[in-house]
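Trainee: Quick one: this structure, given as structure tokens, is what I'll be asking you about.
The values are calculated or read from the model by the stated rules, or taken from the named source; none is laboratory data. Just so we're clear, the structure is a prediction, and the values are computed from it rather than from any experiment. So basically every Cβ, Gly included, is an ideal-geometry build from the backbone, and we count neighbours across all protein chains shown. Surface areas here come from the heavy atoms of the whole protein model, side chains and all, with no ligands, DNA or RNA. Shrake-Rupley method; radii C 1.70, N 1.55, O 1.52, S 1.80 Å.
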Amino acid sequence: MIKKYEPIFKPFTFPSGITIRNRILMAPLTTASAFENGMVTQDELAFYEKRSGGAGALITACAYVEKIGKAVAGGFSADSDKMIPSLRKVAKSIQGKGSKAILQIFHGGSMVSPQTIGGETPVSASAVRAARDWTVTPREMTEQEIDNVIKAFGEATRRAIEAGFDGVEIHGANMYLIQQFFSPYSNRRTDQWGGTLEKRMRFPLAVVKSVLNTVKKHAKNPFLVGYRISPEEAEEPGITIEDTFQLLDKLAEENLDYIHLSIGELWKGSIRNKEETEPLLLRIHERIGDKIPLIGVGSVWHPDEVLQALEKGIPLVALGRALIVEPEWVQKVQKGRVNAIRKSLSAQDKEKLVIPDPMWEGFSAIPGWLPIREDQ
Ligand SMILES: Cc1cc2nc3c(=O)[nH]c(=O)nc-3n(C[C@H](O)[C@H](O)[C@H](O)COP(=O)(O)O)c2cc1C
């Protein structure tokens, strides 16, 4: 190993006691390749298997906790006990070569198309359409429905425990339901779940409590719980970094294992105020200190960028696209073969790199998402 990269390979122990063997996690990456009933396919499993053994932990694609929260056609499910065998296969495929397996659990709320949920109307905090062309106006959830979703996150966690996962990540980011409750854009409620910043925090915190209580009750071995957050929203009104600081202060009081940012670039400044160029990652790190480990993410392709983050006190870095393009990224750094890290790919590489067809089609539909070469 090249000496300067040694810090990347220093094991890390989360507060719950789970240890990973290096500072890299695979970011959650939806492959959109599950069966219609929410069970995983061989293609989904092969994607994880191919990437097991490099990163210390692999976070799965987001698994829905209720059918009405299924945001992606081909997304997989954690919504009933019937899914436990399917979830078990996912955990095993990740753990096969020694990575820890973290199940990302989510509800899409208004970011769900009626087509993926049998023509039903999606639900959200309020009847406010998400700022995306393809969305429809959702139906405001009743108090009973809110209660049910909070329990559903707990139930999905119990299934993750029974399926042998090492932890769950609560998906509080990317404009999905948890974020919709926190956002002044999508949450216009005037009951106990909305109206003030404090009330908008209630749903995310209730989900966290539900998950942590489940772990306390059901996990016999250390089991970690992380939380993913989008620190700002571009919408007006929208989540500000000050709002996020308040939520992080509350999250820091809970027994969470990490906060995982969802940002497109590791060193990105504010998206709401272009003059605030100080990276959100560092501002958040300053705010939470060492109370909860932080995971940085976003357009990291070279190990030097991971080192820079570690040097600034960020203990962990997640890689998304870099691990799609180069499943052996971590191994190549470890073996001193940094120059051999693949930086782009062509359609011919799809099978060798074990990229499921629906995922590949998704990339082809969004030019620039992956560095795809045209050579045939
Ligand atoms: C194909 C694809 C699928 C993704 N699926 C998820 C997901 O299921 N859950 C999630 O939180 N983020 C998801 N993301 C976002 C990534 O986790 C990550 O934050 C983003 O790609 C930025 O990291 P990168 O530049 O290293 O890829 C997805 C990204 C891509 C490209």
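Trainee: Quick check on the chain: helices-only [θ] at 222 nm, where DSSP H runs of length 4 and up contribute -39,500 (n - 2.57) each and the sum goes over total residues. Nearest 500, please.
Mentor: Values: 12 runs with 118 residues, N = 376.
Counting only the DSSP helices, I get -9000 deg cm²/dmol.
Trainee: A further question on this structure: Compute the length gained on full extension between M1 and Q246: take 0.36 nm times their separation in residues and subtract their Cα-Cα distance, giving the result in nm to one decimal.
Mentor: Details: separation 245, 0.36 × 245 = 88.20 nm, distance 4.15 nm.
Taking M1 through Q246 to full extension adds about 84.1 nm, to one decimal.
Trainee: Charges only on Cβ, +1 for Lys and Arg, -1 for Asp and Glu: so what's the dipole of the chain about the Cα centre, in debye to the nearest 20? Can you show the working numbers first?
Mentor: On the way: 48 positive and 47 negative charges, 246 e Å.
The dipole of the chain has a size of about 1180 debye.
Trainee: With a cap of 12 neighbouring Cβ atoms within 10 Å, and only residues DSSP puts in a loop, list the trypsin sites (Lys or Arg not before Pro) found in the range 174-263.
Mentor: Qualifying residues, ordered by number: K220.
Trainee: Another question about this same structure. Take R188, project a point 7 Å from its Cα along the Cβ direction, then tell me which residues of the range 221-250 have their backbone nitrogen under 20 Å from it.
Mentor: Those under the cut-off are 233-240.
Trainee: Whole number please: convex hull volume per residue of the Cα set in the range 3-340, in Å³? Don't jump to the answer; show the numbers that get you there.
Mentor: Numbers: hull volume 42.2 nm³, N = 338.
Hull volume normalised by residue count: 125 Å³.
Trainee: Given K70/K352; K268/K312; K151/K220, which pairs have Cα atoms separated by over 25 Å?
Mentor: On the way: K70/K352 29 Å; K268/K312 15 Å; K151/K220 20 Å.
From the list (K70/K352; K268/K312; K151/K220), the Cα-Cα distance tops 25 Å for K70/K352.
Trainee: Work out from phi, with θ = phi - 60° and the Karplus expression 6.51 cos²θ - 1.76 cosθ + 1.60, the ³J(HN,Hα) of each residue of the range 254-264, listed in order in whole Hz, and give x for Gly and Pro.
Mentor: Calculated HN-Hα couplings, in order: 8, 7, 8, 8, 6, 10, 10, 6, 10, 9, x Hz.
Trainee: At K350 and R272, where each label point lies 7 Å from the Cα along Cα→Cβ, what is the point-to-point distance in nanometres?
Mentor: 4.1 nm
Trainee: Then there's this: Name the residues of the range 5-34 whose amide N is less than 19 Å from a point 7 angstrom out from the Cα of R337 along the C-beta direction?
Mentor: Residues 5-6, 9 qualify, since their backbone N sits under 19 Å from the label point.
Trainee: If you don't mind, another one. Helix 84-95 versus the longest principal axis of the chain: what angle, 0 to 90°, nearest 10, using Cα atoms?
Mentor: Tilt relative to the chain: about 30 degrees.
Trainee: In sequence order, what are the phi-derived ³J(HN,Hα) couplings for the range 344-350 according to the Karplus relation 6.51 cos²θ - 1.76 cosθ + 1.60 with θ = phi - 60°, rounded to whole Hz, with x for glycine and proline?
Mentor: Each residue's phi maps through the Karplus curve to give 8, 8, 10, 4, 5, 7, 3 Hz.
Trainee: When the accessible area of the chain is split by element with a 1.4 Å probe, what percent falls to carbon and sulfur? Write out the running numbers ahead of the final one.
Mentor: Numbers: 7580 of 15420 Å².
Answer for the chain: carbon and sulfur cover 49 percent of the accessible area.
Trainee: To continue, here is another question. Check which residues have an amide H placed less than 5 Å from F76's amide H, if you skip close sequence neighbours.
Mentor: Distant-sequence amide H within range of F76: Y64.
Trainee: In Å², and per residue, what accessible area does the chain have when probed at 1.4 Å with the other protein chains present? Could the numbers behind the result be given before it?
Mentor: On the way: 15420 Å² over 376 residues.
On a per-residue basis, 41 Å².
Trainee: Continuing with the same structure: Which far-off residues, 5 or more places away or on another chain, put their amide H under 5 Å from the one on I295, with H placed in the peptide plane?
Mentor: I259, H260, L261
Trainee: Spelling out what I want: for every residue of the range 126-143, take phi, set θ = phi - 60°, compute 6.51 cos²θ - 1.76 cosθ + 1.60 (Karplus), and round to whole Hz; glycine and proline get x.
Mentor: 9, 7, 10, 5, 5, 7, 9, 3, 7, 8, 10, 6, x, 9, 5, 6, 7, 4
Trainee: Does a label point 7 Å from the Cα of W369, set along Cα-to-beta-carbon, have any residues of the range 31-65 with amide nitrogen under 14 Å, and which are they?
Mentor: The answer is 31-33, 62.
Trainee: Moving on to the next point. Give me the distance in nm between label points sitting 7 Å out from Cα along the Cα-to-Cβ direction at W301 and R283, one decimal.
Mentor: Output for this residue pair reads 2.7 nm.
Trainee: Could you tell me the accessible area of E143 in Å² (1.4 Å probe, neighbours in place), rounded to the nearest ten?
Mentor: The accessible area comes out at roughly 80 Å².
Trainee: Does anyone have the angle between helix 241-251 and the longest principal axis of the chain? Alpha-carbon axes, 0 to 90°, nearest 10?
Mentor: 90 degrees
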